[in-house]
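A quick write-up on the structure given underneath.
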Amino acid sequence: MFDWKQDPHRRFNPLTREWVLVSPHRTDRPWQGQMESSDAARKPDYDPDCYLCPGNARAGGARNPNYTSTFIFDNDFAALKPDTSPDRFERDGLLIAESEPGICRVLCFSPKHNLTIANMDTMDVRRVVDAWVEQYGELGSRPAIHYVQIFENRGAMMGASNPHPHCQIWSNHALPNEPAKEQLSQAAWREDRGTCLLCDYAKLELAAQERIVDENESFVAVVPFWALWPFETMLISKRHMTAIDGLVDAERDGLADILKRVTGRYDRLFRVSFPYSMGFHQRPTDGERHDEWHLHAHFYPPLLRSATVRKFLVGYEMLAGPQRDITPESAAERLRGV
C-alpha cells in the first residue's frame, strides 16, 4: 500500500470527475523561479483615485453615490450584455457559436478602501451575504438568466484590477462549464444512490476531521481530498440546500462568520493579505427544482511556499492534467494552526 504522505498518487474529484496528481516528495525541490512582490503598503480608508470609492468617478464616467454600506452597479465594462439577440452558427459540427445574453454587476463590500473580508466586522460581512441573496433572486428570476455566478478575485496576483473590497456577479443564459460538470456529477450521484453528493462528503469529512479547517453550526470549511491549489478550501452548508436563497437568518450569520474565519486564516498563514479567487456554486435558475444541487463555495488561492512563491498551472497541468505537491492533509493542518 502506498503512503500518500510520501508517494506520488492521484485522487479523484467526484464533482468534476477529473483526477489530480499528488506528488508530496516534490516539496523539497529548490525554487529559482519567479518571486512575486509582497504588497505590504498600508492603504487609506479612502483613495481619491479609486473608481470604486464613494463619490468618485468610475472608469466608465458614472459617479458613485456617497454610499455607506454595500453598493451594487452594472459593470461599466461588462462581459455580457442583456440585449444580445439570440443567434447560432454551426458548420460541420466543428465551428459552433451561440450568442450569449447576460448581466454583469459589481458589488462593493464596504465604502472603506482598505478592508477585506478578513478584517471587516462580521455584521458588515453579513450585509454582503444579504446582498448576494438579493442579487441571486433578482437576477435569477429573469427569464433569460439560467445561472448566477457570484465570485471574488482578491489581489493583483489573481487579476483584481482594483484593491477596493468588491466582488462580481455574472448572470448567464447558458450554464457555464464548471457548474455544468458539477450538475452532471451531483445528478448522477442522486440517481445512483438516492442521496446528496456533498451531504455525504461533508459527513465523511466531519467524521474524519483530517482535512477540516474550520466550522460553525451552519458551515464547514475543508481542504478537499481532491484539491488542486495548494491551500484550496471548500465551504459546504451543513444543512442541505440548493442555493444561497435557502439560507435562514442564522445561516446567513454562519456564512458571514465562516468567510471571515477562513480568510483570516489565509492572511495569518504567510502574514500577508492572501490572494484568491472565490465563488459560489449553486442551483441554476432555469425554473427546475435541481434537488441534486448543494450550496458550496470554492476558494482557489495561488500561494505555494510563501507570500512571494505561487503555484503555476503550466506544462503538465495544461497539456495532461492537474498536479499538486503538498498534500491536502498537510495544507489543512497548516491552516488549522494559524
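The values are calculated or read from the model by the stated rules, or taken from the named source; none is laboratory data. What you see is a predicted model; the values in this text were computed from it and never measured. When we count neighbours, we look across all protein chains shown, and the Cβ atoms used for this are built from the backbone with ideal geometry, even at glycine. Heavy atoms of the whole protein, side chains included, go into the accessibility calculation; ligands, DNA and RNA do not. Shrake-Rupley method; radii C 1.70, N 1.55, O 1.52, S 1.80 Å.
What the table below lists for this structure:
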| item | result |
| --- | --- |
| Counted residues, the range 62-83 - those being more than 26 Å from the chain's Cα centre (by Cα) and open to solvent by 60 Å² or more (accessible area, probe 1.4 Å) | 4 |
| Near pairs, Cβ below 8 angstrom, 6+ apart or cross-chain, from the range 82-101 (touching a residue at least 40 places away in the same chain (Cβ under 8 Å)) to any residue that is surrounded by 10 or more Cβ atoms within 10 Å (Cβ to Cβ) and part of a strand (DSSP E or B) | Pro82/Pro101; Pro82/Gly102; Pro82/Ile103; Glu100/Asn172; Pro101/Lys81 |
| Residue match in the range 202-214 (condition: open to solvent by less than 30 Å² (accessible area, probe 1.4 Å), over 16 Å from the mean Cα position of the chain (by Cα) and modelled with pLDDT under 95) | no |
| Test result for Asp253, surrounded by fewer than 20 Cβ atoms within 10 Å (Cβ to Cβ) and within 24 Å of Phe274 (Cα to Cα) | yes |
| Tally of residues being more than 30 Å from Val309 (Cβ to Cβ) and surrounded by fewer than 19 Cβ atoms within 10 Å (Cβ to Cβ) across the range 147-178 | 3 |
| Verdict on Arg289 being in a loop (DSSP other than H, G, I, E, B) and either closer than 19 Å to Asn119 by Cα or open to solvent by 10 Å² or more (accessible area, probe 1.4 Å) (or both) | yes |
| Within the range 299-338, considering residues that are closer than 28 Å to Leu206 by Cβ and among the charged types (D, E, K, R), the one surrounded by the most Cβ atoms within 10 Å (Cβ to Cβ) | Arg324 |
| Strands (runs of 3 or more DSSP E) contained in the range 85-136 and holding at least 2 residues under 21 Å from Asn75 (Cβ atoms) and open to solvent by less than 30 Å² (accessible area, probe 1.4 Å) | 102-108 |
| Residues (buried (at least 22 other Cβ atoms within 10 Å of the Cβ) and either under 26 Å from Leu303 (Cα atoms) or polar (S, T, N, Q) (or both)) located in the range 237-248 | Ser237 |
| Those residues of the range 293-331 which are outside any loop (DSSP other than H, G, I, E, B), in contact with a Phe, Trp or Tyr (Cβ under 9 Å, 6 or more places away or on another chain) and of a type outside the set (Asp, Glu), in sequence order | His296, Ala297, His298, Phe299, Tyr300, Leu303, Gln323, Arg324, Pro328, Ala331 |
| Check on Ala320, free of Cβ contacts under 8 Å to residues at least 60 places away in the same chain and under 14 Å from the mean Cα position of the chain (by Cα) | no |
